[in-house]
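Undergrad: Here you go, one structure.
The values are calculated or read from the model by the stated rules, or taken from the named source; none is laboratory data. Note that the structure is predicted; figures quoted are calculated from it, not measured. Virtual Cβ from ideal backbone geometry, glycine too; neighbours counted across all protein chains shown. What goes into the accessible areas is simple: the full protein's heavy atoms, side chains included, and nothing from ligands, DNA or RNA. Shrake-Rupley method; radii C 1.70, N 1.55, O 1.52, S 1.80 Å.
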Amino acid sequence: MTYIATLKYKPTIGLEIHAELRTNSKMFCSCKNDPDEKRPNFNICPVCTAQPGTLPVANMQAIKNVVKAGLALNCEISRDSKFDRKNYFYPDLPKGYQISQYDMPFCKNGFLEIDGKKIRIARIHLEEDTGRLSHPEGSDYSLVDYNRAGLPLMELVTEPDIASGREARLFSEELQMILKYLGVSSADMEKGQMRVEVNISLSKTDKLGTKVEIKNLNSFKVVEKAVDFEIARQTEVLESGEKVIQETRGWHDKKEITFSQREKEEAHDYRYFPEPDLPPIHFEEKFIDDIKSVLPELPQQKRERFTKEYSLDEKPIEIFIVNKDLSEYFEKVASEFRAWLDAEKIKGGDKLYKLLANYLISDTQGLLQGKEFVETEFKITPENFAEFVKMIYKGEIGSKVAKMVLQIMFNTGNDPSQIVEENNLGQMTDESALEAIVKEIIEKNPKPAADYKSGKQNALQFLAGQVMKETRGTAKPDTVHELLKKNLQ
Ligand SMILES: [Zn+2]
């Protein structure tokens with residue numbers, strides 16, 4: 001369906017993304033900014049509940065956070081800006097207006113590259129979040145919690161450069177990662193700390209079609225699905241000769257469809273005007289430069305560096321990009337290698353880095369049983385992990401033993417060579433001892449031995465398996481095969 005749609009009509013898609021900013025206090029008062037507070041109306045004060053006579057004071061940390069995000073997203077930072085009042089009535093908005101930014105946002109004209117395609121960012125501005133309404137089931141009243149009212153909220157608006165559900169998802173994912181790397185927002189979609197809204201229209205010509213808004217998209221997957229569904233739905237509507245209605249649609253999780261929430265009456269008139277209780281804002285060049293100078297490495301820079309420094313493939317790199325703790329751990333272990341590689345005069349360490357990535361990604365993740373890697377909870381020190389990988393690299397332990405050693409290290413945090421010694425797991429180097437075991441296995445398994453002699457290759461595998469079992473994986477598989485063949489002649 002989607003395929004046909006993209007052929008017949010050109011989708012024009014823009015995103016509006018809100019992210020709650022990480023600060024100590026709320027946007028315009030000193031109440032705690034704690035998105036996890038469960039007690040309703042706990043973090044509130046006269047300012048964020050709009051008592052008469054109170055005045056807002058802008059949160060400097062929130063402003064810096066938005067500028068940081070703007071710089072990371074290639075935006076121009078406005079030297080002069082201001083806050084505005086956006087007037088509308090809703091019970092979760094105690095003041096009857098929201099302090100936001102209208103015509104002079106802090107950041108504009110940026111872009112973010114996804115898959116080599118530039119998605120332009122029209123603006124990023126700062127505003128305050130609203131409270132939260134809840135409607136207890138079966139009751140004839142609603143409840144309001146103002147803990148969230150007045151939390152600093154960043155709003156990013158893209159140009160309509162997105163052409164598919166996939167692009168919408170990639171953009172949102174990359175943005176989330178950037179916000180996390182910058183430390184400006186936790187940007188957790190499930191907790192509503194990051195909210196994505198989609199504007200989408202279809203057209204055959206250059207004239208834009210009727211715009212539909214999709215709200216309440218609570219995961220990246222849903223963003224992709226909702227966009228693709230909407231492209232297909234609007235195509236069907238247009239194909240049947242009908243008109244797309246301008247409306248706001250929601251996403252139905254179970255049915256996996258969008259559904260009409262409300263038709264747009266007219267464009268809202270928010271009667272914006274400059275916030276009289278806050279002075280206009282002027283940024284000195286130095287203020288912006290200072291923020292620029294402390295920007296951390298961003299996901300894309302990290303991708304490029306990991307490719308260059310460690311010669312890893314795209315897949316493991318992407319896992320490291322998403323899991324910051326895991327990648328930092330990887331780099332600590334990798335730096336242990338560097339000294340060793342220098343001392344041993346080994347050129348490059350590609351194989352070591354690949355081994356390390358493998359053991360960190362597949363085996364360690366397996367031991368974590370789906371839990372996220374958190375370095376402070378991880379018992380293996382980078383030094384021990386480095387030693388462990390070196391032992392594999394040097395052939396001191398085979399892959400089977402490695403698994404056992406890693407398991408013990410994971411549980412105890414012990415030194416790998418000590419584990420190998422204590423459990424007698426070192427690679428069997430005594431060939432005559434190994435040959436004795438090989439002979440014993442052949443004797444104990446006359447049928448497979450005869451099968452092999454009559455040309456059944458599979459039988460050799462079975463016998464080799466028995467030898468490995470007997471030696472608890474400490475024998476070299478190649479040597480076992482050689483000795484078996486020799487003794488089966
Ligand atoms: Zn307050």
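Undergrad: Under 9 Å between Cβ atoms, at least 6 apart or on separate chains: pull out the pairs that start in the stretch 231-255 with a residue that is hydroxyl-bearing (Ser, Thr, Tyr) and end on any residue that is assigned to a loop (DSSP other than H, G, I, E, B).
TA: 235/1; 235/9; 248/264
Undergrad: From the list 254, 207, 221, 243, which one is open to solvent by 80 Å² or more (accessible area, probe 1.4 Å), among the basic types (Lys, Arg) and closer than 20 Å to residue 161 by Cβ? Reasoning before the result, please.
TA: Numbers: 254 fails: closer than 20 Å to residue 161 by Cβ; 221 fails: closer than 20 Å to residue 161 by Cβ; 243 fails: closer than 20 Å to residue 161 by Cβ.
Selected residue: 207, the only one of 254, 207, 221, 243 that is open to solvent by 80 Å² or more (accessible area, probe 1.4 Å), among the basic types (Lys, Arg) and closer than 20 Å to residue 161 by Cβ.
Undergrad: Of these, 376, 364, which one is among the hydroxyl-bearing types (Ser, Thr, Tyr) and more than 22 Å from residue 423 (Cα to Cα)? Spell out how you get there, then give the answer.
TA: Values: 364 fails: more than 22 Å from residue 423 (Cα to Cα).
Exactly one of 376, 364 is among the hydroxyl-bearing types (Ser, Thr, Tyr) and more than 22 Å from residue 423 (Cα to Cα), namely 376.
A quick yes/no check of all residues on (1) touching a Ser or Thr at 6+ places or on another chain (Cβ under 6 Å); (2) without any contact (Cβ under 8 Å) to a residue 24 or more places away in the chain; (3) open to solvent by less than 10 Å² (accessible area, probe 1.4 Å):
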| site | (1), (2), (3) |
| --- | --- |
| 108 | no, no, no |
| 121 | yes, no, yes |
| 124 | no, no, yes |
| 144 | no, no, no |
| 153 | no, no, yes |
| 156 | no, no, yes |
| 159 | no, no, no |
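Undergrad: In addition: Out of curiosity, is residue 191 part of a loop (DSSP other than H, G, I, E, B) and closer than 30 Å to residue 324 by Cα?
TA: Numbers: part of a loop (DSSP other than H, G, I, E, B): yes; closer than 30 Å to residue 324 by Cα: yes.
So residue 191 fits the description; yes.
Undergrad: Which residues, taken from the stretch 277-329, are more than 24 Å from residue 358 (Cα to Cα) and of a type in the set (A, V, I, L, M, F, W, C)?
TA: 278, 281, 283, 287, 288, 291, 294, 295 - these are the residues of the stretch 277-329 that are more than 24 Å from residue 358 (Cα to Cα) and of a type in the set (A, V, I, L, M, F, W, C).
Undergrad: When the residues of the stretch 426-443 are filtered to those that are open to solvent by 40 Å² or more (accessible area, probe 1.4 Å), of a type outside the set (Asp, Glu) and assigned to a helix (DSSP H, G or I), which remaining residue is modelled with the highest pLDDT? Walk me through how you get there before you give the answer.
TA: At the first step, the residues of the stretch 426-443 found to be open to solvent by 40 Å² or more (accessible area, probe 1.4 Å) are 428-432, 436, 439-440, 443.
Applying the additional criterion that residues be of a type outside the set (Asp, Glu) yields 428-429, 432, 436, 439.
Pick out the ones that are also assigned to a helix (DSSP H, G or I) and you get 432, 436, 439.
Working: 432: 79, 436: 84, 439: 89.
Here the residue is 439.
Undergrad: Follow-up. Working carefully through the options 318, 297, find the one that is open to solvent by 30 Å² or more (accessible area, probe 1.4 Å), in contact with a Lys or Arg (Cβ under 9 Å, 6 or more places away or on another chain), assigned to a helix (DSSP H, G or I) and within 21 Å of residue 176 (Cβ to Cβ). Talk me through it step by step, then tell me what you get.
TA: Numbers: 297 fails: assigned to a helix (DSSP H, G or I).
Only one candidate qualifies: 318.
Undergrad: Further question on the same structure: Could you check the stretch 200-238 and list, in sequence order, the residues that are in a strand (DSSP E or B) and over 14 Å from residue 253 (Cα atoms)? Write out each step before concluding.
TA: So in the stretch 200-238, the residues in a strand (DSSP E or B) come out as 200-203, 212-217.
Those that are in a strand (DSSP E or B) and over 14 Å from residue 253 (Cα atoms): 200, 201, 202, 203, 212, 213.
Undergrad: A further question follows. Keeping to the stretch 110-139, report how many residues are at pLDDT 95 or above and not in a strand (DSSP E or B).
TA: Result for the stretch 110-139: 3.
Undergrad: Being open to solvent by 30 Å² or more (accessible area, probe 1.4 Å) and within 14 Å of the ligand (Cβ to nearest atom) is the filter here, so list the residues in the stretch 54-73 that pass it.
TA: Hits for the stretch 54-73 are 54, 55, 57, 58.
Undergrad: For the stretch 380-401, name all the residues that are at pLDDT 95 or above and not in a helix (DSSP H, G or I).
TA: Across the stretch 380-401, the qualifying residues are 380, 381.
Undergrad: Could you list, in sequence order, the residues of the stretch 74-90 that are assigned to a strand (DSSP E or B) and open to solvent by 40 Å² or more (accessible area, probe 1.4 Å)?
TA: Going through the stretch 74-90, the residues assigned to a strand (DSSP E or B) turn out to be 76-77, 80-81, 84-87.
Scanning the stretch 74-90 gives 76, 80.
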